[in-house]
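Asker: One structure is given below, represented as structure tokens, and several questions about it will come after.
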Amino acid sequence: MRILVLGTSSDAGKTVIGAMICRHMARRGLDPVPFKAFNLSLNSYATKDGGEIGMGQTFQAWACGLEPETDMNPVLYKPSGGGRMQMIVGGRPLMDIGNGVEPDREAAVRGIREAYGRLSSAHGCVVCEGSGSPAELNLMSSDLANTGLMRLLGVPAVLVADIERGGAFAAIYGTWRIIPEDVRPLLKGFVINRFRGDASILGDGIRRIEELTGMRCLGVIPYLPLRFPEEDSLSRSEGRLQGEDVRQAFLSNLDELLDAAEAGGFDFRLLEDITDEGQSRRTTTRLTTDE
Amino acid sequence: MDCIKKKVNEELQRGWIGSDLACNYHPCHFTGQDCTFCYCPFYPCHDTDLGEMLVGRRGNEVWSCSDCLFIHRTEVCQFIISEVGRLGVTEAGDPRFMDIFAEAKKRFWHEGSALMVVGATSDAGKSITVAALCRILHRRGYIVAPFKSQNMSLNAKATRMGTEIAMAQTVQAKAAGLKTPDSHMNPILLKPKGDTVSQVVVCGKPYADYDVESYYGEFVPGPGRSIVRENIAFLKRHYDFVLMEGAGSPAEINIYDVDIANMGAAREADADVILVVNVEWGGAFAYALGTIELIPEEDRRRIKGVVFNNVRGDTERFRTGIPEFERLCGVPVIGVIPHGDFVLPSEDSEALRSVATMGHGRCRIAAVRYPRIANFTDLDPLFLEDVTVVFAERPEDLDGADAIVLPGTKNTVQDLLWMESAGIADKVRSLRGKVPIVGICGGYQMMGRELRDPEGIEGGVSRTLPGLGLFDMTTTFGDYSKRVVNSEGRMLVGDGGDITGYELHMGMSEVREEPLFEITNNFDRDRVTDGAVRENEMLYGTYLHGIFDRKPFRTHFLSRITHGGERYDASDSRDYDDILEENLERLADVFESNLDMDAVMRMLGVGE
């Protein structure tokens with residue numbers, strides 16, 4: 001089983017929705033593992049195997065009941081000031097990029113493919129997270145974590161849109177339109193995040209987007225004043241975080257979010273079907289290869 | 001009437017003078033206005049494009065043309081003077097003025113055109129785009145009015161006429177060089193009262209309270225649409241251009257039919273539309289394409305350009321996506337605006353919701369952030385000082401504060417109850433005399449001994465509750481009426497410097513303290529005192545919003561601060577208005593060099 005969580009913008013809630021999916025899968029005994037092919041972040045976490053990965057996958061690993069490991073985040077760019085970035089592959093610094101120095105794309109793709117392969121054979125369900133928006137026309141050709149990953153591994157995807165700033169329908173529809181046609185059929189559903197108020201007011205809009213795109217709405221996640229780990233500097237750090245053990249505190253907030261999603265009618269059944277589709281697709285591919 | 005005739009005769013003798021920079025009231029309408037005819041030779045013209053008949057105090061009809069800008073256009077004044085000379089007219093009241101008027105109107109009056117700026121999200125940069133366009137067009141000699149049909153904001157400002165409009169339109173009007181922004185520019189103002197209910201302010205006056213359902217179900221299809229239409233028509237009669245700002249996203253397809261803030265308003269105004277997208281959060285191309293394509297065909301054709309705003313770093317790299325974007329959506333990209341830091345008033349609570357502090361100065365000023373905080377643009381000038389403003393929501397946040405500000409609130413009683421239960425009220429009481437404390441409007445009301453709400457106007461139930469007890473003062477919320485005035489005056493403490501400010505509040509206070517200011521109301525010119533002061537205890541209170549804008553009170557208050565054993569040095573302080581002016585100029589420069597202004601002029605119907 002596998003799924004890719006994409007966001008219509010940075011900070012749309014990919015990490016938290018990904019963590020929520022991990023938590024749900026873990027509760028259902030489906031043995032999930034988080035994965036983000038590429039991460040641009042200053043906040044990294046030292047893993048027990050001596051590498052470093054992004055804070056988001058660390059949190060998602062906790063949600064799965066796993067220890068973070070470098071395979072969950074094979075390619076990491078860490079800004080080091082002055083337009084330069086350190087490129088980390090497989091938890092180890094590989095090279096300095098920026099200011100005219102292009103990243104070693106082949107090494108990145110190899111790192112992603114190998115790490116993903118190890119995770120998917122060791123676990124029941126890989127919950128992947130995209131990076132930024134998948135519809136950046138100026139970056140599309142070098143994308144690794146969004147359409148790049150879809151093309152590389154054929155992972156089915158869901159789109160998360162933050163409705164707090166408005167324009168969520170436009171963001172979902174526009175992202176679907178811009179995603180190249182060869183991978184567009186892999187976009188299966190969308191999630192509206194951080195909604196305040198009575199979600200029934202969104203009904204007509206949701207149905208229209210479903211008709212236009214063929215994607216299905218998995219649900220509307222209410223805005224809750226809960227704090228989660230910060231992936232990068234754009235995140236908004238507000239809300240409640242209680243308890244002495246940070247890890248437990250984050251997880252109890254996550255449980256609260258998952259309960260609220262369940263109570264709000266989030267379609268976890270559909271989510272599992274989409275995740276399963278990834279499974280059957282891969283199985284089909286393997287059978288074909290075997291023949 | 002004879003007095004006016006005499007004045008007009010003097011004007012005719014004097015001839016064309018252009019702007020009268022020596023006049024104490026200059027500019028009374030807009031920067032660059034022509035003052036040749038301070039008294040209009042056509043009065044009363046009875047032309048309803050320029051004025052209206054009002055009923056006077058004694059029931060008599062009076063021709064009012066206070067909104068007319070026609071007579072302050074240079075080309076009009078020069079035409080009148082040349083015609084007067086040609087025809088040999090020397091006396092006011094000469095019937096030939098009717099012919100001159102008819103000819104002047106034919107030549108120089110035309111209905112203005114409208115352009116609308118919508119945003120793909122909140123905070124897309126609509127307000128600053130409109131402000132920049134207002135300034136650019138003002139610099140090119142046009143008379144421009146900002147407009148936003150419906151605004152949800154807790155930051156309102158009192159106009160000279162005693163009505164209230166949103167801070168954003170006030171700033172845009174300043175950008176347009178206008179001296180008297182009025183409620184036509186912001187006819188519908190929604191002021192959130194609780195989770196779902198808003199007070200609806202129409203043309204600057206409280207109208208009624210609505211929840212979301214009744215607002216869209218009753219207000220919008222009822223009076224809402226015609227209010228928008230009439231006010232746009234009014235502005236088009238008086239200005240060359242009406243620059244309209246949308247609200248939120250125009251592509252909220254679930255409520256599209258009841259929209260009067262975005263494409264609905266553009267339709268009423270027959271305006272072309274520019275879509276602004278904030279690039280900072282990512283997904284800008286998708287937001288732009290999705291917004292345009294979700295708007296129904298008949299309205300979509302109005303969208304004539306896309307502006308990508310707030311691009312950090314290398315704009316060239318961003319631009320590489322534009323050709324494909326234009327191919328997909330068919331609307332040209334007319335601007336890519338780099339990120340810039342501009343000092344402009346905070347637009348709404350969204351901007352402050354997520355921040356714990358503002359500014360990076362040495363002194364720590366704690367501003368209590370109540371749940372219903374309002375008019376926190378009062379704090380903006382402090383961000384320019386050597387000050388860090390800490391938004392205090394817990395008693396600990398006041399630890400180490402060098403001064404305390406109690407800002408305005410939409411509901412004094414409810415927020416005072418919150419202050420008590422959060423433990424902040426006691427903390428403030430304990431700091432009395434130790435650090436300077438200033439209360440503004442609702443915060444000032446809280447500083448008193450007692451607040452009486454016999455009708456339950458503020459709290460829903462009749463009650464009297466103790467205030468912070470810092471001043472000997474009692475505030476009573478007697479009826480559902482609101483005081484909205486714009487004033488100027490002087491301090492009764494320190495060096496007695498000049499101040500300006502505006503009041504927007506319910507409730508009346510009986511104060512048994514030394515007053516802080518002497519003020520003159522800009523509307524009826526009444527002179528009164530305002531506020532309370534105890535210099536020895538460093539306690540200050542006032543009903544006046546915007547009190548930190550001008551230097552005198554700000555520096556007086558800051559000079560009472562001791563930080564690390566040293567007195568605050570306010571010698572570098574400047575008036576906020578001057579800083580705002582500089583920033584509007586800079587903003588206009590940035591937009592002018594990164595925006596296809598020829599395309600904008602074409603949308604406004606100005607040919608090349």
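The values are calculated or read from the model by the stated rules, or taken from the named source; none is laboratory data. Everything numeric in this text was worked out from a predicted model, so none of it was measured. So basically every Cβ, Gly included, is an ideal-geometry build from the backbone, and we count neighbours across all protein chains shown.
Asker: Pick from A:Gly166, A:Gly205: which is small (Gly, Ala, Ser) and either assigned to a loop (DSSP other than H, G, I, E, B) or touching a His at 6+ places or on another chain (Cβ under 8 Å) (or both)?
Answerer: Result of the check over A:Gly166, A:Gly205: A:Gly166.
Asker: Identify, from the list B:Ile547, B:Ile561, the residue that is within 16 Å of B:Gly439 (Cα to Cα), in contact with a helix residue (DSSP H, G or I) (Cβ under 7 Å, 6 or more places away or on another chain) and hydrophobic (A, V, I, L, M, F, W, C).
Answerer: None of the other options fit; the residue is B:Ile547.
Asker: Among the residues of the range B:492-521, which ones are part of a strand (DSSP E or B) and under 15 Å from B:Ile440 (Cα atoms)?
Answerer: Those that are part of a strand (DSSP E or B) and under 15 Å from B:Ile440 (Cα atoms): B:Ile499, B:Thr500, B:Gly501, B:Tyr502, B:Glu503, B:Leu504, B:His505, B:Met508, B:Ser509, B:Val511, B:Phe517.
Asker: With the structure loaded, tell me whether B:Arg327 is of a type in the set (D, E, K, R) and facing chain A (nearest Cβ under 9 Å) or whether it fails that test.
Answerer: It is false that B:Arg327 is of a type in the set (D, E, K, R) and facing chain A (nearest Cβ under 9 Å).
Asker: Here are some conditions: (1) touching a Phe, Trp or Tyr at 6+ places or on another chain (Cβ under 8 Å); (2) closer than 15 Å to A:Gly166 by Cα; (3) more than 11 Å from every other protein chain (Cβ to nearest Cβ). B:Val279 meets all but one. Which one does it not meet?
Answerer: With (1) touching a Phe, Trp or Tyr at 6+ places or on another chain (Cβ under 8 Å); (2) closer than 15 Å to A:Gly166 by Cα; (3) more than 11 Å from every other protein chain (Cβ to nearest Cβ) applied to B:Val279, the lone miss is (3).
Asker: Go through the range A:11-62 and report how many residues are more than 14 Å from chain B (Cβ to nearest Cβ), of a type in the set (Asp, Glu) and touching a strand residue (DSSP E or B) at 6+ places or on another chain (Cβ under 9 Å).
Answerer: Number of matching residues: 2.
Asker: What number of residues within the range B:466-483 are surrounded by 15 or more Cβ atoms within 10 Å (Cβ to Cβ) and out of contact with any Lys or Arg (no Cβ under 8 Å at 6 or more places or on another chain)?
Answerer: Residues that pass the stated criteria total 1.
Asker: So which of B:Ala374, B:Ala392, B:Ala422 ends up being small (Gly, Ala, Ser), modelled with pLDDT under 90 and closer than 25 Å to B:Glu458 by Cβ?
Answerer: Step by step, each of B:Ala374, B:Ala392, B:Ala422 is checked, and only B:Ala374 is small (Gly, Ala, Ser), modelled with pLDDT under 90 and closer than 25 Å to B:Glu458 by Cβ.
Asker: Out of the residues in the range B:245-260 that are more than 22 Å from B:Ala599 (Cα to Cα) and touching a Pro at 6+ places or on another chain (Cβ under 8 Å), state the one that is surrounded by the fewest Cβ atoms within 10 Å (Cβ to Cβ).
Answerer: It comes out as B:Val258.
Asker: Further question on the same structure: State which residue is nearest to the other protein chains (Cβ to nearest Cβ) when the search covers only the range A:91-114 and only residues that are in contact with a Gly (Cβ under 7 Å, 6 or more places away or on another chain) and surrounded by 20 or more Cβ atoms within 10 Å (Cβ to Cβ).
Answerer: If we take residues in the range A:91-114 being in contact with a Gly (Cβ under 7 Å, 6 or more places away or on another chain) and surrounded by 20 or more Cβ atoms within 10 Å (Cβ to Cβ), then A:Gly111 is nearest to the other protein chains (Cβ to nearest Cβ).
Asker: Within the range B:217-236, identify whether any single residue is farther than 26 Å from B:Phe30 by Cα, surrounded by fewer than 24 Cβ atoms within 10 Å (Cβ to Cβ) and within 14 Å of another protein chain (Cβ to nearest Cβ), and answer yes or no.
Answerer: Scanning the range B:217-236, I find at least one residue that is farther than 26 Å from B:Phe30 by Cα, surrounded by fewer than 24 Cβ atoms within 10 Å (Cβ to Cβ) and within 14 Å of another protein chain (Cβ to nearest Cβ), so the answer is yes.
Asker: Now for a separate question. Does B:Lys5 count as farther than 30 Å from B:Ala175 by Cβ, surrounded by 13 or more Cβ atoms within 10 Å (Cβ to Cβ) and basic (Lys, Arg)?
Answerer: Yes; evaluated as a whole, the condition is true for this residue.
Asker: Something else: Looking at the range B:78-126, which of its residues are of a type in the set (Gly, Ala, Ser), at pLDDT below 95, touching an Asp or Glu at 6+ places or on another chain (Cβ under 9 Å) and in the same structural domain as B:Phe234 (by TED's automatic domain parsing)?
Answerer: Within the range B:78-126, B:Ser122 is the sole residue that qualifies.
Asker: Still on this structure: Only one residue in A:Gly83, A:Gly56 is of a type outside the set (Asp, Glu), modelled with pLDDT under 95 and crowded, with 20+ Cβ neighbours inside 10 Å, so which one is that?
Answerer: Every option except A:Gly56 fails the conditions.
Asker: Tell me, which helices (runs of 4 or more DSSP H) lie completely within the range B:399-470 with 2 or more residues that are farther than 26 Å from B:Arg364 by Cβ, of a type in the set (A, V, I, L, M) and assigned by TED's automatic domain parsing to the domain that holds B:Arg483?
Answerer: Result: B:412-421.
Asker: Taking the options B:Ala269, B:Ala286, name whichever one is in contact with a Gly (Cβ under 8 Å, 6 or more places away or on another chain) and either without any contact (Cβ under 8 Å) to a residue 40 or more places away in the chain or more than 11 Å from every other protein chain (Cβ to nearest Cβ) (or both).
Answerer: That would be B:Ala286, the only listed residue that is in contact with a Gly (Cβ under 8 Å, 6 or more places away or on another chain) and either without any contact (Cβ under 8 Å) to a residue 40 or more places away in the chain or more than 11 Å from every other protein chain (Cβ to nearest Cβ) (or both).
Asker: Sticking with this structure for a sec: Output the residue which, of all residues in the range B:29-84 that are aromatic (Phe, Trp, Tyr) and closer than 23 Å to B:Ala175 by Cβ, is surrounded by the fewest Cβ atoms within 10 Å (Cβ to Cβ).
Answerer: Top of the filtered list is B:Phe30.
Asker: Can you tell me which residue in the range A:177-210 is surrounded by the fewest Cβ atoms within 10 Å (Cβ to Cβ), limited to those that are acidic (Asp, Glu) and within 11 Å of chain B (Cβ to nearest Cβ)?
Answerer: Restricting to residues being acidic (Asp, Glu) and within 11 Å of chain B (Cβ to nearest Cβ), the top hit is A:Asp198.
Asker: Would you please name the residue that is modelled with the lowest pLDDT, looking only at residues in the range A:215-260 that are closer than 14 Å to A:Ala19 by Cα and assigned to a loop (DSSP other than H, G, I, E, B)?
Answerer: Per the criteria, the residue is A:Glu231.
Asker: Could you go through the range B:436-456 and let me know if any residue there is of a type in the set (Val, Ile, Thr) and surrounded by fewer than 24 Cβ atoms within 10 Å (Cβ to Cβ).
Answerer: Checked the range B:436-456: no residue is of a type in the set (Val, Ile, Thr) and surrounded by fewer than 24 Cβ atoms within 10 Å (Cβ to Cβ).
Asker: Shifting gears a bit: List pairs: first in the range B:208-219 and free of Cβ contacts under 8 Å to residues at least 40 places away in the same chain, second part of a helix (DSSP H, G or I) and surrounded by 14 or more Cβ atoms within 10 Å (Cβ to Cβ), Cβ under 7 Å, 6+ apart or cross-chain?
Answerer: Matching pairs, first to second residue: B:Tyr210/B:Phe219.
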